[in-house]
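Below you'll find the structure, written out as structure tokens, and then a few comments.
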Amino acid sequence: MTAKPPINPYIVLALAILAPGAGHVAVGAQMRGLGFAFFSLLLALLCWHATGPETSFIGRSALGLFVWALSIPDAYRIARIRYEVWRHGQQVA
């Protein structure tokens, strides 16, 4: 009996780029994804209120964008590892 293949890592990558935490939720790491989403929003809001209106949007939300950027390769790494473990398990059988 063959196991169901995990979600394609490139789909997870696309989801992670679209929204913080979405890639983690897609691979089944819901709490990790919600943590990334929460801290992305929290740090973006803190940064937004700590800067003045003359600062650009990117500058005003820099900390949240930084956490989001960290979550992208993390979600992809989890998906790639799960996919490769599944793939090698299929080859051995």
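Specify the angular offset, from 0 to 90 degrees and rounded to the nearest 10, of the alpha carbon long axis of helix 30-50 from the longest principal axis of the alpha carbons in the chain.
Taking Cα atoms only, the helix is inclined about 10 degrees.
Mind checking the full-extension length gain between Y10 and L70? Use 0.36 nm per residue of separation minus the Cα-Cα distance, one decimal, nm.
20.0 nm
Under Stokes-Einstein, with the Kirkwood radius over Cα pairs standing in for Rh, what whole-number D in µm²/s applies to the chain at 4 °C and 1.567 mPa s? Let's see the in-between values first.
Working: Rh = 14.3 Å.
It diffuses with D of about 91 µm²/s by this estimate.
Readers should treat all values here as calculations from the given coordinates under stated rules, not as data from a laboratory. It should be emphasised that the depicted structure is a prediction, and the values quoted were computed from it without experimental measurement.
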